[in-house]
Amino acid sequence: MTMASTASNSAPVVRFAPSPTGRIHIGNARTAVFNYLFARKRGGRFVLRFDDTDLERSRAEYADAIEADLRWLGIEPDVIVRQSERFALYHAAMARLREMGRIYACYETQEELDRKRKRLAGRGLPPVYDRAGLALGEAERAALEAQGRKPHWRFRLDTEVIEWNDLARGPSRIDCSSLSDPVMVREDGAYLYTLPSVVDDIDLGVTHIIRGEDHVTNTAVQIQLFRVLSPNGAAPDFAHHNLLAAASGEGLSKRSGALSLSSLREAGVEPLAIAALAVLTGSSDNVQAVASLDELADIADVSHASHHMAKFDESELAALSARTLHAYGFEKVQARLRDLGIEGEQAEAFWLTVRPNLERLGDAPVWWPVACGDITPIVEDAGFAHAAAEVLPQEPWDASTWKTWTEAVKARTGAKGRALFHPLRLALTGRESGPELATLLPLIGRTRALARLTGG
Ligand code: GLU
């Protein structure tokens, strides 16, 4: 049957739900950004939910780091919740499921379950749990517990076909008779992910669950849980996007360090380039540089995700990052430049001059003393440099000064082409190559230019 959906025309509520057991990488960013853009475009809300019911593997430092990584990407959550603080809700849901007769105790060990699966496989049957626990009477349970066995708890599925219209994958269906009744609570009392996720999605009013396609198989179970636990029996809408993979086809694990947001940040990659690459790869949209998340929201959408693996080339990231940077207006980088010691009257003109030459914003300070400070000029032919100095125009200077001046130098010395321009660049900047001299020269100004040419 098809489920009624909680997603109405009102503003959507989405959530990104990482387990804080490591740093997040660009593949996790794909999910986070798809969710964020979805809400942003529709005036909705973005919940950051830490799935930290596994108290042993979850760490507060990772949660803090994930929050910081998201903020760096430009994602400001509207609400942050931690599952470790919400056990009372899960206990209440378990109690309700028990009352409904949907929860039953099982006592098999892992080895016993493995043997059952192998036996089924040997007969060519799918590895579906045989519901032996459901058949146990009170006395049998008591006997097992007297042997020291502790129960784990399964949710009894309705055997039916669950259908939903996936916003990314289209019409989808799962036959629940091919699934084992899922374990909700382990024998040590720990909740597995399935139930708390549904309980929170209901409690927080989540309207759209946007996540990787590795979760498709959980969806039928979760829809059944929504049906019995949510006040109106409805489930959110689902969108399962394709997963990001390295160009080699290898999946990205949480521990593939090089693609963690923190290491990309350290490498000087622009967060907006990461956001763009994360959601435009493996979609019907072209990978392109954008100037803001709003612009990205106008282009990208989880419904554009393709049905194949989203392969991405790490080397594209540096190029996209540079293109992203080249398009930034001064306001966008002003604060970051200030942190790098670049501020004052000339900062804006400086930015507009050097940005096309930068691969990373962190390289801007290389050019700051060239424009407004002290450098070591390279003068190979002092006679030429003096001749050039003699015809330096008077100020005020503008973008046409370079042309006026170099024509005068050419007339005075007879030098042309590289023999004219290269020694001037070496003297004025101390470097072989760099930003356009037409725009750089007015920043350097007459006094500095004169001193660099004449060593004065
Ligand atoms: N904690 C789960 C994960 O990180 C969340 C899955 C979901 O979005 O429902 O995969």
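The values are calculated or read from the model by the stated rules, or taken from the named source; none is laboratory data. Worth saying up front: this structure is predicted, and the values here are computed from it rather than measured. Neighbour counts run over all protein chains shown; Cβ positions are idealised from the backbone, glycine included. The area values use the complete protein model at the heavy-atom level, side chains included, leaving out ligands, DNA and RNA. Shrake-Rupley method; radii C 1.70, N 1.55, O 1.52, S 1.80 Å.
Summary of computed values
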| item | result |
| --- | --- |
| Order of exposure, largest accessible area first, which applies to ARG49, ARG156, ARG115 with probe 1.4 Å | ARG115, ARG156, ARG49 |
| Accessible surface ranking that places the most exposed of PHE330, PHE50 first, with a 1.4 angstrom probe | PHE330, PHE50 |
| Calculated FRET efficiency for the pair SER10/ALA247, C-beta based, R₀ 41 Å, to 0.05 | 0.50 |
| Net charge contributed by nearby residues that have their C-beta within less than 13 Å of ALA105 (K/R +1, D/E -1) | +3 |
| ASN165/ALA68 FRET efficiency (R0 35 Å; Cβ-Cβ; nearest 0.05) | 0.45 |
| GLN394 versus ALA60: modelled label distance in nm, points set 7 Å from Cα along the beta carbon direction | 7.0 nm |
| Positive dipole terminus of the chain, leading residue within TRP368, TYR191, VAL206 (C-beta point charges) | TYR191 |
| Spin-label model distance (nm) - GLU359 vs ARG82, 7 Å beyond Cα toward Cβ | 4.0 nm |
| DSSP beta bridges in the chain [antiparallel fraction, %, rounded to 5] | 45 percent |
| Stretchable slack from ALA291 to GLU145, in nm (0.36 nm times residue separation minus alpha-carbon distance) | 46.3 nm |
| Potential lengthening between LEU192 and HIS422 on full extension [0.36 nm per residue; Cα-Cα distance subtracted] | 76.1 nm |
| Derived scalar couplings ³J(HN,Hα) [the range 197-209; Karplus, 6.51 cos²θ - 1.76 cosθ + 1.60; whole Hz; x for Gly, Pro] | 4, 5, 4, 5, 4, 5, 4, 8, x, 5, 9, 9, 9 |
| Amide H contacts under 5 Å for SER283, placed H, 5+ residues apart | SER306 |
| Pairs of Lys in the chain closer than 30 Å at Cα, counting only those 8 or more apart or on different chains | 7 |
| Magnitude of the charge dipole, the range 55-131, Cβ model with Lys/Arg +1 and Asp/Glu -1, debye to 20 | 740 debye |
| Local electrostatic count at GLY74 - Lys and Arg +1, Asp and Glu -1, tallied over other residues with Cβ under 12 Å | -2 |
| Solvent-accessible surface ranking, highest first, for GLU67, GLU345 at 1.4 angstrom | GLU345, GLU67 |
| Cα centroid of the range 256-319 to Cα centroid of the range 383-456, whole Å | 42 Å |
| Cα gyration tensor, the range 1-108 - rounded (a/c under 1.5), prolate or oblate | oblate |
| Solvent-accessible area of TYR36 with every protein chain in place, 1.4 Å probe, in Å² to the nearest 10 | 30 Å² |
| Per-residue SASA entry for ASP175, accessible area with 1.4 Å probe, Å² rounded to 10 | 70 Å² |
| Cα lying deepest toward the dipole's positive end in the range 256-365, options GLY268, GLN346, VAL279, charges on Cβ | GLY268 |
| Gyration tensor (alpha-carbon) shape descriptor, the chain, a/c threshold 1.5 | prolate |
| Interchain or long-range residues, amide H under 5 Å from VAL13's placed H | ARG45, THR207, HIS208 |
| From phi via Karplus (6.51, -1.76, 1.60), per-residue ³J(HN,Hα) for the range 322-327 in Hz, x at Gly/Pro | 4, 4, 4, 4, 4, 8 |
| GLU432 paired with ARG446, simple spin-label distance in nm, labels 7 Å along Cα-to-beta-carbon | 3.4 nm |
| Rounded to the nearest 10 Å², the accessible area of GLU436 at probe 1.4 Å | 130 Å² |
| ³J(HN,Hα), Karplus 6.51/-1.76/1.60, whole Hz, each residue of the range 178-183, x for Gly, Pro | 8, 10, 7, 4, x, 6 |
| Helix-derived mean residue ellipticity, 222 nm - over the chain, DSSP H n ≥ 4, -39500 (n - 2.57), to 500 | -13500 deg cm²/dmol |
| Relative packing of 158-169, 20-31, 220-231, which averages over residues the other C-beta atoms within 10 Å, highest first | 20-31, 220-231, 158-169 |
| Residue-span extension gain [LYS403 to HIS215] - 0.36 nm each, minus C-alpha spacing | 61.5 nm |
| Counted charge near ARG156, where neighbours are those whose Cβ lies closer than 12 Å (Asp, Glu -1; Lys, Arg +1) | +2 |
| Whole-number accessible area per residue in Å² for the range 334-456, which is evaluated in the context of all protein chains at 1.4 Å | 53 Å² |
| Other-chain or far-sequence residues with amide H under 5 Å of ALA245's (modelled H) | ALA310, LYS311, PHE312 |
| FRET efficiency, LEU113 to GLU316 (Cβ-Cβ, R0 41 Å, nearest 0.05) | 0.40 |
| Rounded if a/c under 1.5, otherwise prolate or oblate - the range 379-456, Cα gyration tensor axes | rounded |
| Rounded to 10°, Cα long-axis angle of helix 26-41 versus longest principal axis of the chain | 90 degrees |
